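The structure under discussion appears below in the form of structure tokens.
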Amino acid sequence: MTAAELTPEAAAAAIGPWATAAEAYQLVTVDVPAEHWTEALTAARDTLSLAFFDWLSAVDELAEGFAVCAHLAAVGDARTVRHLLLRTRVAREGAALPSAAGVYPGAGWHERETAEMFGIDFTGHPHLVPLLLPDG
């Protein structure tokens, strides 16, 4: 699939039947339910060949909870780099999401930072300890 072929419809179909997608500013964003997070990451890697994990973070959406976003890419020829933003939402109370580190090992550091900054628990993370802030 080329960069031009990564339409919102094609991306959502490749990720799963529960995925929805839109495009803004030349970036396709796929939204998935939290219970399908790991499955969606795996599909992005294996079906869409988005093997490069760029970053993961969260957005505090106040009463709506947290939007957790992972930016993924397929790299090769500089003219055909494909990007995708995979996004899910978790409730503010008891915010938790399965760790992406089993699918993309590079996600581990980003999850540690996001856990520390937003209080989201990434269940199954191999070493979810603070990175930046002092205790308390």
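The values are calculated or read from the model by the stated rules, or taken from the named source; none is laboratory data. Just so it is clear, the model here is predicted, and its values are computed rather than measured. Quick reminder, even Gly has a Cβ in these numbers, built from the backbone with ideal geometry, and neighbours come from all protein chains shown. We work out accessible area using only protein heavy atoms, side chains counted, and drop any ligands, DNA or RNA first. Shrake-Rupley method; radii C 1.70, N 1.55, O 1.52, S 1.80 Å.
What the table shows:
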| item | result |
| --- | --- |
| Charge dipole magnitude, Cβ of K and R +1, D and E -1 - the range 1-123, Cα centre, debye nearest 20 | 260 debye |
| Cα centroid of the range 13-62 to Cα centroid of the range 84-133, whole Å | 15 Å |
| Gaussian network model of the chain, Cα within-10 Å springs - most flexible of TRP18, TRP109, TRP37 | TRP18 |
| Accessible area of the range 1-100 divided out per residue, in Å², using a probe of 1.4 angstrom | 51 Å² |
| Around GLY102: net Lys/Arg minus Asp/Glu count, Cβ-Cβ under 14 Å | -2 |
| Cβ-based net charge around THR29, under 9 Å, with every Lys or Arg adding one and every Asp or Glu removing one | -1 |
| GLU116 paired with VAL129, simple spin-label distance in nm, labels 7 Å along Cα-to-beta-carbon | 1.2 nm |
| Gaussian network model of the chain, springs between alpha carbon atoms under 10 Å - residue of THR42, THR80, THR20 with greatest fluctuation | THR80 |
| For the chain, built as a Gaussian network whose Cα springs stay under 10 Å, the top-fluctuating residue of ASP77, ASP60, ASP121 | ASP77 |
| Environment charge at LEU6 (Cβ cut-off 13 Å; Lys +1, Arg +1, Asp -1, Glu -1) | -2 |
| Share of carbon and sulfur in the accessible heavy-atom surface of the range 32-136 [1.4 Å probe, %] | 56 percent |
| (i) 163; (ii) 124; (iii) 114, with the label sought being that of the calculated volume of the Cα convex hull per residue in Å³ | (iii) |
| Length-normalised contact order of the chain in % [C-alpha pairs under 8 Å, at least 6 apart] | 20 percent |
